[in-house]
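Quick notes on the structure that follows.
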Amino acid sequence: MNESRTASLVVWMVPVVSTAMLVAGLVLHARTAALDRAAYPLYLADVWVAVIMVPLGAWLYSRGAPRGMVTVLLLQGSLSVCGFTGELAAYDVASDGTLSGVGAAAAWISTFTWAPYLLLLTWLPLLWPDGHLPPRWGHALLGVVLSLLGIAAVAAALRPGPVADRPGVVNPLGVDSTVLTAVGEACLAFVVLVMMPLCVGTAVARAVRRHEGTSVAVAFVVLAAAVLTQSLLAYPWNDIVVAAAFTLVAGALVAAEQRAGLLRAWRADAQRATRVRDEERRRVRLDLHDGLGPELAGISLGLTAVSLDVDDSRVRAELTQLRDDLGNAVSEVRRIVDGLRPATLAERGLVGALESRAERLAAAGFTVELDLRLDGVSLEPETEVAAFRVADEALSNAVRHSGADTLTVRGHVVGREVIVEIADDGNGQVRQAAEGLGLQSMHARARSVGAVLTLQSDPAAGTRVRFVVPVTRAPTAAGAGPS
């Protein structure tokens, strides 16, 4: 608890210090303008980004948002450092006509502390909507972005000046190298013109595919368009347009987090209710399995023994009928016990239960293809039951309605999600046949554990049912699978 409070305090100190530096920088800007009357631009977009994004990062941290997104937003405090040090260097020159040691150090710091600004246009979209990089190419894209930004920052840190268009403010470590300047500008151009559209496009594609976070993805598109077209406008309108686009992104992030908070609360309540229900089911299952079932079986054996000692054929027939009825009752108890939590699931886990189901289908004459890579994945018991029940219902629907010859059962991990997929090569009629109680039950089971269920049917390609649920604990390497 103390560690959590300390971390929260440190996080909230970032926007406090950032805001203080912004205010100090604006004061220095006004005093410099009064001293030398020189007109040089105040980067309004940078100021506004630091004003809104850094507190937003701290707020998202307090809401339990993904740490990667929080980190990108908090790093925008470097813009306050950049602005303050640049204004300090400019004020130093305006006051004394030359740079002092402090002014020179401030000038140099301001040459490269702008770099995290571009992470809002690249890294943040890559993390949307779940806070994790795309499993296939996300790390590669981010690696390219960070490498290019690193090169551009180093080139900027060695550029002679003037620093940030401030008259008389030179870089004390500047190197007069045309090649270095060209390399830095080329890296920046590549990040803005190539990597930013790629990252934003990735965010849009993921949001559309997941049916989640579309408003934020659209805001990223608007921001990218504003950045790409800002050179067409004169100052200060170019900065105002970009600042407005950043405001749109911030507003979309706030709205998305509020919706996510409500969804998390609903899912927590649903999972709590499901956990209580499943705990009660486990208790009932044990009572039936270890209590009523054996008692009924014992009575049945007793009736068998008594019937052997009875000479009256009519009484013996009645006892035999009672024994048969008890046998049916025992079978019904076993069916109820299995319905509460399938025995194969309790004994062999999700993978074993799916394998057992596939074996029964194969014995019935179907070709079943298994691709289960869920070893090392830890799911809550109620989630395992929901996943198995959905898969079992999907397989039953395929057998009854699709006319398929081949059934495919897949299970793998993508990022921090477990995906169980049932596909067939049938006539695509499963959706129509499953409409009603069966499909409603599948959706209800998925929602109860915070999962997403999708069903796609195509007469030419068959039917595909996907059950996607977040992993509460990170899977081991053995459980990782392709996307």
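Details
- Checking residue 161 against (1) open to solvent by 30 Å² or more (accessible area, probe 1.4 Å); (2) under 21 Å from the mean Cα position of the chain (by Cα); (3) not basic (Lys, Arg), the condition it does not meet: (2)
- Some residue of the stretch 117-140 being of a type in the set (Val, Ile, Thr) and open to solvent by 60 Å² or more (accessible area, probe 1.4 Å): no
- Restricting 222, 200, 169, 208 to those that are open to solvent by less than 60 Å² (accessible area, probe 1.4 Å) and in a helix (DSSP H, G or I) reduces the list to 200.
- Failed item, numbered, when residue 367 is tested on (1) among the hydroxyl-bearing types (Ser, Thr, Tyr); (2) modelled with pLDDT of 75 or more; (3) open to solvent by less than 40 Å² (accessible area, probe 1.4 Å): (3)
- Residue in the stretch 396-428 that is surrounded by the most Cβ atoms within 10 Å (Cβ to Cβ), counting only those that are touching a strand residue (DSSP E or B) at 6+ places or on another chain (Cβ under 6 Å) and assigned to a helix (DSSP H, G or I): 398
- First in the stretch 447-466 and part of a strand (DSSP E or B), second anywhere and among the β-branched types (Val, Ile, Thr), Cβ under 6 Å, 6 or more apart: 452/468; 455/465; 457/430; 457/463; 463/430; 465/422; 466/454
- Cβ-Cβ distances below 7 Å connect the following pairs, each with a first residue in the stretch 230-242 that is among the aliphatic types (A, V, I, L, M), a second residue that is surrounded by 14 or more Cβ atoms within 10 Å (Cβ to Cβ) and part of a loop (DSSP other than H, G, I, E, B), and a separation of six or more residues or different chains: 241/233.
- Residue in the stretch 81-92 that is aliphatic (A, V, I, L, M), open to solvent by 20 Å² or more (accessible area, probe 1.4 Å) and under 23 Å from residue 242 (Cβ atoms) present: yes
- Residue in the stretch 225-239 that is farthest from the chain's Cα centre (by Cα), counting only those that are closer than 17 Å to residue 195 by Cα and open to solvent by 40 Å² or more (accessible area, probe 1.4 Å): 229
- Some residue of the stretch 61-70 being more than 20 Å from residue 243 (Cβ to Cβ) and among the polar types (S, T, N, Q): yes
- Residue match in the stretch 4-24 (condition: modelled with pLDDT of 90 or more, open to solvent by 20 Å² or more (accessible area, probe 1.4 Å), within 22 Å of residue 113 (Cα to Cα) and in contact with an Asp or Glu (Cβ under 7 Å, 6 or more places away or on another chain)): no
- Some residue of the stretch 156-171 being in contact with a Leu (Cβ under 9 Å, 6 or more places away or on another chain), modelled with pLDDT under 90 and β-branched (Val, Ile, Thr): yes
Rundown of residues vs (1) in a helix (DSSP H, G or I); (2) farther than 30 Å from residue 206 by Cβ; (3) hydrophobic (A, V, I, L, M, F, W, C); (4) touching a Leu at 6+ places or on another chain (Cβ under 8 Å), yes/no style:
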{"residue": "60", "(1), (2), (3), (4)": "yes, no, yes, yes"}
{"residue": "80", "(1), (2), (3), (4)": "yes, yes, no, yes"}
{"residue": "83", "(1), (2), (3), (4)": "yes, yes, no, yes"}
{"residue": "91", "(1), (2), (3), (4)": "yes, yes, no, yes"}
{"residue": "104", "(1), (2), (3), (4)": "yes, yes, yes, no"}
{"residue": "133", "(1), (2), (3), (4)": "no, no, yes, yes"}
{"residue": "136", "(1), (2), (3), (4)": "no, no, no, no"}
{"residue": "142", "(1), (2), (3), (4)": "yes, no, yes, yes"}
{"residue": "152", "(1), (2), (3), (4)": "yes, no, yes, yes"}
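- Residues that are in contact with a strand residue (DSSP E or B) (Cβ under 8 Å, 6 or more places away or on another chain), at pLDDT 50 or above and not in a strand (DSSP E or B) within the stretch 467-483 comprise just one, 471.
- Positions within the stretch 25-48 being crowded, with 16+ Cβ neighbours inside 10 Å and either modelled with pLDDT of 95 or more or small (Gly, Ala, Ser) (or both), in sequence order: 25, 33, 45
The values are calculated or read from the model by the stated rules, or taken from the named source; none is laboratory data. Predicted model, so just to flag it, every value in this text is computed and none were measured. Ideal geometry is used to build each Cβ from the backbone, glycine not excepted, and the neighbour counts take in all protein chains shown. Remember, those area values only see protein heavy atoms, side chains included, never the ligands or the DNA or RNA. Shrake-Rupley method; radii C 1.70, N 1.55, O 1.52, S 1.80 Å.
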